[in-house]
Amino acid sequence: MEHSGILVVGGGFSGITAALEAAEVGHYVYIIEKNSCLGGRVSQLNQYFPKLCPPSCGLEINYQRIKNNPRVKFFTLAEVVSVTGSPGNYTAKIKLSPRYVNTNCTACDKCSQVCPVETDSEFELGLQKRKAAYRPHLNSFPLRYVIDPEVCLGKSCSKCVEACAYDAIDLDDREKEITLNVGAVVWATGWKPYDVSKLEILGAGKVKNAISNMQMERLASPSGPTNGKIVRLSDGKAPERIAFVQCAGSRDESHLSYCSYICCMASLKQVTYLRAQYPDAQIVIYYIDIRTPGRYDKFLQKIREDEKVLMVKGKVAQVVEDGATGDVLVTAEDIIKGLKKEERFDMVVLATGMEPSVAGQTLPAGLQQDDDGFCISQEAGVIAAGCAKMPLDVMRSAQTATGAALKAIQTVVGR
């Protein structure tokens with residue numbers, strides 16, 4: 001038996017785009033997302049290119065399209081166990097982890113208010129705590145709370161059960177497995193930030209005021225841990241001198257050998273965040289090459305015109321902390337001037353690269369990976385999209401998702 005449904009693995013911007021493109025021309029689509037909500041990395045951003053929109057702009061529209069389309073079914077806290085078969089006829093086994101919160105949930109927040117356990121928020125990249133019973137973030141979809149079994153005290157506590165007026169908490173919830181029969185698979189598992197703790201010479205995550213570019217996005221976001229105010233983590237001080245260290249872990253044989261594509265543009269965008277809040281701040285960008293493809297070159301020229309932005313071509317040799325002040329001391333070369341010197345900054349932003357989320361994992365359905373962990377489609381019915389395929393920005397991720405949807409449709413229709 002052949003099947004016309006399409007399985008989309010990954011509920012980030014690429015996966016959602018591929019799913020909706022296919023569903024809106026008549027195909028049944030199943031989105032599998034390992035996290036407790038859809039939206040992926042885009043939901044963590046303050047703004048994204050090309051229009052510098054907040055993530056709610058693009059995602060909210062897509063969430064409405066999902067709600068209004070009966071052909072789209074999504075599963076959160078879900079992972080693919082196996083995919084067997086051939087183009088036009090795949091059987092996918094999906095593991096559904098318990099959420100412990102059912103569809104009665106109204107997101108009233110009572111469970112979180114009484115929960116006695118705190119842990120680091122993954123969404124806020126460790127910049128803020130969250131409870132064991134929590135909503136992932138302000139714009140999370142679906143609009144339901146979730147309980148983290150790793151830190152929840154279980155029935156020995158049950159304060160959330162007592163506080164919930166809607167019988168939405170089910171601490172007896174259990175793992176389930178479902179089977180889906182589909183004709184094609186779109187693999188859109190996205191990316192993760194490179195682990196900054198591996199970058200010892202750049203502070204290895206130990207220099208408090210040396211943050212990653214994704215942490216900067218959360219600091220700048222109105223829904224973030226500082227309500228959008230960019231401040232030093234050590235003391236809440238407004239930064240007056242800020243450095244950006246490009247290629248932090250990218251284009252480096254000891255870390256990520258490739259260019260992560262987005263990092264230069266992310267730093268230039270974050271300069272605009274700083275400039276909006278601190279008109280007189282001094283900013284230094286240390287770079288190997290600045291890569292601003294296509295129309296983005298105009299954005300670079302705009303930043304270059306800022307008299308308080310200095311661009312220094314050269315690699316950073318060391319980032320250390322001044323224990324007395326919390327300042328960050330950056331030792332870097334300046335290739336143009338032919339010198340190497342140490343500079344003092346209030347804050348340093350490490351432009352860490354993107355790594356495939358599934359790097360190092362064995363993938364189902366014969367899906368192959370290159371040496372860096374990016375997915376290579378080997379057969380007609382399994383198509384990689386977005387940052388699972390290569391480093392991309394949001395716009396180009398959406399374009400690859402549309403292409404993947406078309407290939408998936410051709411697979412199920414052409415049989």
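The values are calculated or read from the model by the stated rules, or taken from the named source; none is laboratory data. Here the structure is a predicted model, which is why all the values come from computation and not from measurement. Cβ sites come from the backbone with ideal geometry, for glycine too, and all protein chains shown count toward neighbours. To get the accessible areas, we keep the full protein, side chains included, count just its heavy atoms, and leave off ligands, DNA and RNA. Shrake-Rupley method; radii C 1.70, N 1.55, O 1.52, S 1.80 Å.
Numbers for the structure displayed
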{"item": "Of residues in region 199-239 being outside any loop (DSSP other than H, G, I, E, B) and touching a Gly at 6+ places or on another chain (Cβ under 7 Å), the one surrounded by the fewest Cβ atoms within 10 Å (Cβ to Cβ)", "result": "ALA220"}
{"item": "Some residue of region 290-303 being farther than 17 Å from ASN213 by Cβ, among the charged types (D, E, K, R) and either part of a strand (DSSP E or B) or in contact with a Ser or Thr (Cβ under 9 Å, 6 or more places away or on another chain) (or both)", "result": "yes"}
{"item": "Subset of region 378-392 [touching a residue at least 40 places away in the same chain (Cβ under 8 Å) and closer than 15 Å to GLY85 by Cα]", "result": "GLU379, ALA380, GLY381, VAL382, ILE383"}
{"item": "From CYS111, CYS105, CYS37, residue being part of a loop (DSSP other than H, G, I, E, B), open to solvent by less than 20 Å² (accessible area, probe 1.4 Å) and on the phi < 0 side of the Ramachandran plot", "result": "CYS37"}
{"item": "VAL330, sole failed condition from (1) loosely packed, with under 13 Cβ neighbours inside 10 Å; (2) at pLDDT 95 or above", "result": "(1)"}
{"item": "Residues located in region 240-261, provided they are open to solvent by 40 Å² or more (accessible area, probe 1.4 Å), of a type outside the set (Asp, Glu) and either in contact with a helix residue (DSSP H, G or I) (Cβ under 9 Å, 6 or more places away or on another chain) or part of a loop (DSSP other than H, G, I, E, B) (or both)", "result": "ARG251, SER254, HIS255, SER257, CYS259, TYR261"}
{"item": "Number of positions in region 304-322 that are more than 22 Å from GLN47 (Cα to Cα), outside any strand (DSSP E or B) and open to solvent by 70 Å² or more (accessible area, probe 1.4 Å)", "result": "3"}
{"item": "Hits in region 80-97 - residues which are closer than 21 Å to GLY40 by Cα and either open to solvent by 70 Å² or more (accessible area, probe 1.4 Å) or touching a Lys or Arg at 6+ places or on another chain (Cβ under 6 Å) (or both)", "result": "VAL81, LEU96"}
{"item": "Residue identified as touching a Cys at 6+ places or on another chain (Cβ under 7 Å) and in contact (Cβ under 8 Å) with a residue 60 or more places away in the chain among SER257, SER212, SER250, SER223", "result": "SER250"}
{"item": "SER267 being buried (at least 22 other Cβ atoms within 10 Å of the Cβ) and either at pLDDT below 95 or under 22 Å from VAL42 (Cα atoms) (or both)", "result": "yes"}
{"item": "Single residue of ALA133, ALA168, ALA188 found to be open to solvent by less than 70 Å² (accessible area, probe 1.4 Å), touching a residue at least 12 places away in the same chain (Cβ under 8 Å) and closer than 26 Å to ALA388 by Cβ", "result": "ALA188"}
{"item": "Residues of region 53-64 classified as part of a loop (DSSP other than H, G, I, E, B) and either under 11 Å from VAL394 (Cα atoms) or among the hydroxyl-bearing types (Ser, Thr, Tyr) (or both), total", "result": "0"}
{"item": "Any hit, region 379-388, residues being closer than 15 Å to GLY40 by Cβ, open to solvent by less than 20 Å² (accessible area, probe 1.4 Å) and assigned to a loop (DSSP other than H, G, I, E, B)", "result": "yes"}
{"item": "Strands (runs of 3 or more DSSP E) wholly inside region 334-378 containing at least 1 residues that are at pLDDT below 95 and basic (Lys, Arg)", "result": "339-345"}
